[in-house]
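Contents: one structure, followed by commentary.
The values are calculated or read from the model by the stated rules, or taken from the named source; none is laboratory data. These figures come from a predicted structure and were not determined experimentally. Don't worry about glycine lacking a Cβ; one is built from the backbone with ideal geometry, like all the others, and counts go over all protein chains shown. What goes into the accessible areas is simple: the full protein's heavy atoms, side chains included, and nothing from ligands, DNA or RNA. Shrake-Rupley method; radii C 1.70, N 1.55, O 1.52, S 1.80 Å.
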Amino acid sequence: MSETVKKFRKIGVLASGGDAPGMNAVIRAVTRCAIEHGVEVMGIKGGYAGLISDDVVKLGARDVSNIVNLGGTFLYSARCLEFKEEAGMQKAIETCRKYEIDGIIACGGDGTFRGATDLSNRGIPTIGIPGTIDNDITATEYSIGFDTAMNTTVQMIDRLRDTCLSHARCNVVEVMGRDAGGIAINTAIACGAVGCMINEMPFDEDALMKKMIRLRNEGKRQFIVVVVEGNPYYSEAFAKRIEEATGIETKFARLAHVVRGGSPTLRDRVTAARMSVRAVEELLAGKSDLVVCERGSSIVTTDINFALITDRMYKNKLRDGDLDKYSEEELEKMRAICDAKRRGFEDLYKIMDEISW
Ligand code: F6P
C-alpha cells in the first residue's frame with residue numbers, strides 16, 4: 001500500500017439530487033473497493049443533508065450485499081438547500097471531522113458537483129460520480145441511470161403503441177429529462193415515433209401534422225410523438241392540437257418518475273463499477289475536486305470546475321468572469337466537448353427524420 005493510500009483511513013459515500021438507477025451499484029462498488037484498499041467507509045444518508053443532520057452509518061462489505069440490482073438508493077437522496085449556505089456547509093464539515101472522514105465520493109448531477117467542490121475547498125477532498133437519468137452533465141458522455149431510464153421509457157411507449165395500433169390513435173408521450181432531450185430523442189428512435197420535440201433542435205409542429213395526415217391517408221394506424229418535459233402545459237395542449245389538426249384521436253401520457261425507478265441495466269451497473277473504482281483510486285491517491293467522466297469508451301477524470309463551466313457553456317448560462325482563469329487550450333477543449341454534444345443531437349435528429357414515417 002502506498003504512503004498516500006495510508007493517509008486515508010475513512011471515506012464517506014453519498015448520493016444526492018434526483019435518484020437514478022445504478023446509485024446503489026455505486027455505493028456498493030465504492031464501499032467494497034475502499035475496504036479492499038484497507039479504508040473504512042461511512043454511508044451518508046439523504047445526500048448532503050445527512051452531513052448536516054449527522055445521519056451517518058458505517059458500511060461494511062456485507063452491508064452493501066444484494067443492492068447492485070436495486071433501483072433508488074438505499075442511503076436515500078435529497079436536494080439540500082441548507083448545504084448551499086455557509087452555515088450548513090460548516091455543519092457538514094464538523095460532521096466529517098467528528099467521524100474522521102478523510103474524503104467523500106458523491107454521486108449525482110451538477111448540483112451534487114457544486115457541493116463536492118465546496119467541500120473540497122473547505123478541506124474535505126471530494127470526487128463526483130455522474131448519476132442522473134437526464135445525461136445532462138456536459139463533461140461526460142454518459143451518466144449512470146440514463147440507460148435504465150431509456151429502457152423503461154421504451155417499455156412504456158411500446159405498450160402505448162400496442163393500444164394505439166388497435167384503435168388507430170396517436171399518443172403524445174412526455175418523458176423526463178428536465179431540459180435535456182437525450183431520453184426523448186433516443187427513445188423516439190427506438191420506438192419508431194413519428195415525431196420528437198426536444199429543446200436542442202428546432203421543431204416544426206405544422207410539418208409534423210401534415211406528415212401525420214399524409215401517413216394516415218397512406219394507411220398508417222399508430223402514431224407516437226415523444227415530447228421532452230419542461231413546459232407542463234405544452235405537451236398536453238399539443239396533443240389536443242394534433243387531434244384537431246389531423247382528425248386522429250390523440251391521447252396524452254406523462255411518464256414522469258416511473259422511469260426513475262427500477263432495477264438498473266447492465267450498462268448502468270457496469271458503468272457504476274468502472275466509475276466508482278476509478279473514483280476511489282483517485283481519492284486514495286490524494287486527488288480531489290474531480291468528476292469521473294466517460295469519453296469514448298474510456299473512464300477519465302475532469303476537474304469539477306472545468307466540468308461545471310463546460311456545462312454552463314453548453315447551456316448558454318456562462319456568467320461574467322467564468323472563462324477568465326482558463327487558457328485558450330482549455331477553452332478549446334470545452335468548446336470541442338460542447339460541439340460534440342450538439343452534433344450528437346443533430347445526428348440523432350437527422351436519423352429520426354429519415355426513418356420516422
Ligand atoms: O434530474 C432528474 C429528474 O428526474 C428530471 O428528469 C426531472 O425534471 C426532475 O429530476 C424531477 O425532479 P423531482 O424528483 O424533484 O420532481
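Treating r as the C-beta distance of Glu354 and Asp320 and R0 as 41 Å, the FRET efficiency rounds to 0.45.
Here the simple spin-label model places points 7 Å from the Cα toward Cβ, and for Ser166 and Asp303 these points are separated by 5.8 nm. In this structure the amide hydrogen of Cys293, modeled in the peptide plane, comes within under 5 Å of the amide hydrogens of Val300, Thr301, Thr302, none closer than 5 places in sequence on its chain.
Per residue, the stretch 264-357 exposes 54 Å² of solvent-accessible protein surface, assessed with a 1.4 angstrom probe and all protein chains in place.
For a paramagnetic label modelled on Glu236 (point 7 Å from Cα along Cα→Cβ), amide N atoms under 15 Å away belong, within the stretch 137-177, to 172-175.
Between helix 146-167 and the chain there is an angle of about 20 degrees, using the helix long axis and the longest principal axis of the Cα atoms.
Whole-Hz Karplus values for the stretch 186-198 come out as 5, 6, 4, 5, 5, 9, x, 5, 8, x, 8, 10, 10 Hz, taken residue by residue from phi with 6.51 cos²θ - 1.76 cosθ + 1.60 and θ = phi - 60°; glycine and proline positions read x.
Charged side chains reduced to their Cβ positions (Lys and Arg at +1, Asp and Glu at -1) give the stretch 1-127 a dipole of some 260 debye around its Cα centre. Look at the alpha carbon pairs under 8 Å that are at least 6 residues apart: their mean separation over the length of the stretch 5-94 gives a relative contact order of 37 percent.
By the rule of a C-alpha distance below 23 Å, with chain neighbours fewer than 8 residues away ignored, the lysines paired with Lys251 are Lys210, Lys211, Lys220, Lys240.
Sorted by packing (mean other beta-carbon atoms within 10 Å per residue), highest first, where do 18-30, 260-272, 234-246 land? Intermediate results must be reported in sequence, preceding the final value.
Values: 18-30: 28.8, 260-272: 20.0, 234-246: 16.9.
Descending mean neighbour count gives 18-30, 260-272, 234-246.
In whole Å, how far is the Cα centre of the stretch 55-102 from that of the stretch 252-302? Distance between centres, Cα-based: 17 Å.
Residues of the stretch 147-261: accessible area per residue at 1.4 Å, in Å²?
45
When peptides 40-50, 155-165 are ranked by their average number of other Cβ atoms within 10 Å per residue, the highest-first order is 40-50, 155-165.
Taking Cβ atoms as reference points and 11 Å as the exclusive limit, the residues near Cys191 contribute a net charge of +1, counting Lys and Arg as +1 and Asp and Glu as -1. Geometric descriptor of the stretch 147-261, per residue, is 86 Å³ (volume of the convex hull of the Cα atoms).
For Leu290, the shell of other residues with beta-carbons less than 9 Å away shows a net charge of -2, using +1 for Lys and Arg and -1 for Asp and Glu. Inverting the pair-averaged 1/r between distinct Cα atoms of the chain gives 21.4 Å as its Kirkwood hydrodynamic radius. Around the Cα centre of the stretch 288-357, unit charges on the Cβ atoms of Lys, Arg, Asp and Glu (plus for the first two, minus for the last two) sum to a dipole of about 200 debye. Take the stretch 41-104 with all the other protein chains still there, run a 1.4 Å probe, and you get 49 Å² of accessible area per residue. Among the protein heavy atoms of the stretch 147-261, carbon and sulfur supply 49% of the accessible surface, probe 1.4 Å, non-protein parts ignored.
At a threshold of 8 angstrom on Cα-Cα distance, excluding pairs fewer than six apart, so keeping six or more, what relative contact order does the chain reach in percent?
RCO, the chain: 21 percent.
Under a model in which nothing but the beta-carbon of Lys, Arg (+1) and Asp, Glu (-1) is charged, the chain shows a dipole of about 880 debye around its Cα centre.
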